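To start, the structure itself, in structure tokens.
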Amino acid sequence: MSTSFVLTVVSKDHPGIVETLSKLLEEHGGNWTESSMLSMAGQFAGILLASVPDRQVEAFVKGLARLESQGMQIVAKRAVAVPGLAAQREFTLDLVGQDRPGIVHDITRILAKHQVNVQELETHCQSASMSGESLFLAHARLLIPADTPIEDLQDELEDLANELMVDIKLEE
């Protein structure tokens, strides 16, 4: 049997961070299952799903703690099965508009009201090609409960898009 962990890692960015993590996993017979990692503003941030044989869990966790002496901040949480995913539908949400404070909060307030679970969210700003103004772009992967009226959610998102003067697209 094996135990799965969700690891979050933050460190000053430098070469070798991913290699160090993968080496620790390999040393304990672990498997790197899924991850998302990036460098932002001179910091490395990553999230990783990994599994380790049960007999290696204690040694693996101690190895993670030792990595803190190398400047890595690591939080390890045992993964648990998530019930009820079958009763949800997967959608994507894309947003493009002029950047301003509060866009993410405005969108997620509506999503939370409808019990929508944000599975993945990527955002960035870029310069608009003609005006040079800052554009905010967001892409999200969402799980929406099967009993949520999509038309109601769509209407609220469209009202918000009009208010913020942004384009929002919700697709299954």
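Considering only region 103-132, state which residues are on the phi > 0 side of the Ramachandran plot and touching a helix residue (DSSP H, G or I) at 6+ places or on another chain (Cβ under 9 Å).
Selection gives nothing.
Can you name the residue in region 56-95 that is at pLDDT 95 or above and among the β-branched types (Val, Ile, Thr) and is also nearest to ALA128 (Cα to Cα) among such residues?
THR92
Among ARG100, ARG78, ARG66, which is over 26 Å from GLU158 (Cα atoms) and touching a Leu at 6+ places or on another chain (Cβ under 9 Å)?
Among ARG100, ARG78, ARG66, only ARG66 is over 26 Å from GLU158 (Cα atoms) and touching a Leu at 6+ places or on another chain (Cβ under 9 Å).
Tell me, which strands (runs of 3 or more DSSP E) wholly within region 1-111 include 2 or more residues that are closer than 30 Å to GLU151 by Cα and of a type in the set (A, V, I, L, M)?
Here the list reads 88-98.
Does SER11 count as over 30 Å from VAL166 (Cβ atoms), at pLDDT 95 or above, surrounded by 14 or more Cβ atoms within 10 Å (Cβ to Cβ) and not charged (D, E, K, R)?
Spelling it out, SER11 is indeed over 30 Å from VAL166 (Cβ atoms), at pLDDT 95 or above, surrounded by 14 or more Cβ atoms within 10 Å (Cβ to Cβ) and not charged (D, E, K, R).
The values are calculated or read from the model by the stated rules, or taken from the named source; none is laboratory data. Remember, it's a predicted structure, so these values are computed and weren't measured experimentally. Ideal geometry is used to build each Cβ from the backbone, glycine not excepted, and the neighbour counts take in all protein chains shown.
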